[in-house]
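Accompanying notes for the structure given below.
The values are calculated or read from the model by the stated rules, or taken from the named source; none is laboratory data. Model, not experiment: these values are computed from the prediction. Methodologically, a virtual Cβ is constructed for each residue, glycine included, from the backbone with ideal geometry; neighbour enumeration extends over all protein chains shown. Just the protein is used for accessible areas: all its heavy atoms, side chains included, with ligands, DNA and RNA removed. Shrake-Rupley method; radii C 1.70, N 1.55, O 1.52, S 1.80 Å.
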Amino acid sequence: MYQNYNTMETALALQLDFTIPNDHEARLISRFVDSIPSEFLLEDTSHTGRPAFHPAMLLKMCLFAYSRTTFSGRKMERMNEESIPMKWLTGDTPVSYKTINTFRSSEHASKLIKYAFILFTTLLSDNGLIHEDALYIDGTKIQADANIYSFTWKKAIERYEANLNDNVSELYEELIQAKVNLALSEEVLKTSEGIEEIIVSLDEELVAVEAAITEEKMIPKGGSEHKRRRRILKKHRNKCKKDFLPRKQRYEEANATFDGRNSFSKTDTDATFMCMKEDPMKNRELKPGYNLQVASSNQFVIAYDIFSNPTDTRTFIPFLETIQTLDLFKYIAADAGYGSEENYEAVMDTFNKVPLIPYGMYHKEKGKAYRSNPKHRDNWDYNEIEDYYTDLDGVRFSFSHYSTRKDKNGFQREFKVYKADMEQQDDTRNLLAKTPKGAQRQTSVNYNWEYFKHHVKENLESDHGKEIYAQRKIDVETVFGRMKGVFGMRRTHVRGKQAVHNDIGIMLMSMNLTKLALEARRKAEAFQQNPVKNKNRNETIKFLIISLRFFYLRLVFSQPRLFIDRNLFYCSIPISCSTAHR
């Protein structure tokens, strides 16, 4: 016996709407996007032609498709034709893949994503879902949608351009000796404009030579001197026009594209070649990619940004400057890759936060080998009154002078230099006070750096600091694990910095909404099926379930009001059903 089966090809379809479960992720995505105010959601469009698709619908499509690990525009279009939740989100409106790709790469989508993260963070703060007022920051590399062999290296361009400049200078000297009317400076010769002026001068000289050849009534013995000159000038002009000028323009365009970087990809010029964590060949092969910086709390992504610089230390301050909701947090926790004097100074003085960021030698300084090493200045004795150091061998280092150093990024450091005294207590110490080459030993002390190190040690070794920093690996690393392992986003799907920024932002926001819906559903089911015997733990779980459900209800029944300050977007969400945004 079989159940009745009919493909319904000859039947009349009477289904007029699409329904999905009340706790489905699509409903949470829809309510969240609808909570964005119209003044931010809509943009000025043309008053003629076909009306544009509503940005809310397109944003809902992208968020839901990314939550289902669908990243292709064509697959999103097919998903809109076949998936009931997607049909419910779009109202069964057919949308082309071109429209989807254009939207998610647009500047308007970038603004919407930024507003969405501000709104989401404010909702988390209002419902007590931010962990210990701490912001956890870390970075990872995302491979770009570019050919791994389409590299352009800055050093190679500099070497080739230097050879080209030498060739142009040699040609210029030959033309001057050939009595061509030229007067160019050395700086102009190193530009494409200088080569263009050479071509113009050669064209003018050729016109004069052609006129001289026309006036010749008979060919002199040994051949025409003007014709020989014409051949040489044409040769030089073709060399400049077909070789020197295109190469120079190509090098100048590459130098403008570098923008402080050492490399870029020809496929995606905003991508930089850097080492990836996924290295199956174990040869540290460089691949085009972006440095993704993420700030999270309670495993929810608060903010993000992408950089072309592979070093986390130099991306820390620019990333903090882009976080609009930084005032909601008191502590900033990150790994030792962010520990530097410049970053500590910015966190404590500029942003007025408590850094929980170890420096590079933090863990090593705790070891027995470091504390017993006589070469480290931390193990020496210091006399504050007379301002001198004494090493473990008894060599005295007295203050000599002040020194200022500036790194390649322009950050300035102040040092006090201590030199070993010329006259020590005995001859043995006099020998120990000299270097192998016979110069007096010296050591430099950066007291600003020492102050920050001491302050960071106190924060990290306190009980509350240990608790927050221990949460860092659990918090932000989980975000990267979900993004790459669960959602399968190990490389970007679009090209260009703005498009990549939007692509990753949609992915991270869909992860936030999916996690929120999953957490609420999981905690509610676990509490109903397996009640906890412990009374305190029972009340804690009840409070968590109520908080998550309350957060969802505020998305469903509230209309946000965003007050724009000069530098900070502040979201205020009233609890009122009458202000629901339709």
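Some values worked out for this structure:
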item	result
Checking N352 against (1) in a loop (DSSP other than H, G, I, E, B); (2) over 30 Å from I323 (Cβ atoms); (3) polar (S, T, N, Q), the condition it does not meet	(2)
Residues being among the hydroxyl-bearing types (S, T, Y) and assigned to a helix (DSSP H, G or I) - total across the stretch 174-213	2
Residues of the stretch 393-425 satisfying the condition of being open to solvent by 60 Å² or more (accessible area, probe 1.4 Å) and either assigned to a helix (DSSP H, G or I) or acidic (D, E) (or both)	D393, E414, E423
Some residue of the stretch 70-78 being more than 25 Å from N22 (Cα to Cα), in contact (Cβ under 8 Å) with a residue 40 or more places away in the chain and open to solvent by less than 30 Å² (accessible area, probe 1.4 Å)	yes
Search result, residues across the stretch 418-447 that are free of Cβ contacts under 8 Å to residues at least 40 places away in the same chain and of a type in the set (D, E, K, R)	K419, D421, E423, D426, D427, R429, K434, K437
Exclusive hit being in contact with an Asp or Glu (Cβ under 6 Å, 6 or more places away or on another chain) and closer than 28 Å to T267 by Cβ, set T311, T322, T315	T322
Condition met for Y172 (of a type in the set (S, T, Y) and closer than 30 Å to N262 by Cα)	no
Hey, K98 out of contact with any strand residue (DSSP E or B) (no Cβ under 8 Å at 6 or more places or on another chain), surrounded by fewer than 16 Cβ atoms within 10 Å (Cβ to Cβ), within 30 Å of L292 (Cα to Cα) and of a type outside the set (S, T, Y) or not	yes
Among (1) at pLDDT below 95; (2) surrounded by 14 or more Cβ atoms within 10 Å (Cβ to Cβ); (3) not β-branched (V, I, T), the one test that L63 misses	(1)
Residue among L202, L206, L182 that alone is in contact with a Ser or Thr (Cβ under 6 Å, 6 or more places away or on another chain) and of a type in the set (A, V, I, L, M, F, W, C)	L182
Residues being within 14 Å of L356 (Cβ to Cβ) and touching a residue at least 40 places away in the same chain (Cβ under 8 Å) - total across the stretch 448-463	7
Flag for Q442 being more than 21 Å from D378 (Cβ to Cβ) and either open to solvent by 50 Å² or more (accessible area, probe 1.4 Å) or out of contact with any Phe, Trp or Tyr (no Cβ under 7 Å at 6 or more places or on another chain) (or both)	no
Matching residues, the stretch 23-62, being closer than 15 Å to L516 by Cβ and of a type outside the set (D, E)	H24, A26, R27, L28, I29, S30, R31, F32, V33, S35
Residues (touching a residue at least 12 places away in the same chain (Cβ under 8 Å) and either within 16 Å of E174 (Cβ to Cβ) or open to solvent by 60 Å² or more (accessible area, probe 1.4 Å) (or both)) located in the stretch 240-250	C240, K241, F244, Q249
Residue that is most open to solvent (accessible area, probe 1.4 Å) [pool: residues in the stretch 39-56 that are farther than 25 Å from D92 by Cβ and outside any loop (DSSP other than H, G, I, E, B)]	E39
Failed criterion for G360 (all others in (1) closer than 22 Å to E477 by Cβ; (2) part of a loop (DSSP other than H, G, I, E, B); (3) touching a residue at least 40 places away in the same chain (Cβ under 8 Å) hold)	(3)
Test: residue in the stretch 314-330 that is of a type in the set (K, R) and in contact with a Lys or Arg (Cβ under 7 Å, 6 or more places away or on another chain)	yes
Answer residue from the stretch 206-239, given it is over 30 Å from A254 (Cβ atoms) and open to solvent by less than 40 Å² (accessible area, probe 1.4 Å) and is modelled with the lowest pLDDT among those	G223
Filter result (part of a loop (DSSP other than H, G, I, E, B), out of contact with any strand residue (DSSP E or B) (no Cβ under 6 Å at 6 or more places or on another chain) and of a type in the set (K, R)) within the stretch 237-265	none
V479 of a type outside the set (S, T, N, Q) and surrounded by 19 or more Cβ atoms within 10 Å (Cβ to Cβ)	yes
Qualifying residue in the stretch 113-125 (condition: among the basic types (K, R), within 30 Å of K330 (Cβ to Cβ) and under 26 Å from the mean Cα position of the chain (by Cα))	yes
Members of the stretch 484-519 found to be surrounded by 17 or more Cβ atoms within 10 Å (Cβ to Cβ) and free of Cβ contacts under 8 Å to residues at least 40 places away in the same chain, listed by number	E519
Count of residues meeting criterion [surrounded by 13 or more Cβ atoms within 10 Å (Cβ to Cβ), over 33 Å from the mean Cα position of the chain (by Cα) and free of Cβ contacts under 8 Å to residues at least 40 places away in the same chain] in the stretch 82-94	1
Filtered residues of the stretch 266-285 (kept if crowded, with 16+ Cβ neighbours inside 10 Å and not in a loop (DSSP other than H, G, I, E, B))	T272, F273, M274
Index of the failed condition, A183 passing every other in (1) touching an Asp or Glu at 6+ places or on another chain (Cβ under 7 Å); (2) open to solvent by 60 Å² or more (accessible area, probe 1.4 Å); (3) of a type in the set (G, A, S)	(1)
Residue selected from the stretch 104-159 under the condition open to solvent by 30 Å² or more (accessible area, probe 1.4 Å) and part of a strand (DSSP E or B), by the criterion nearest to R261 (Cα to Cα)	W153
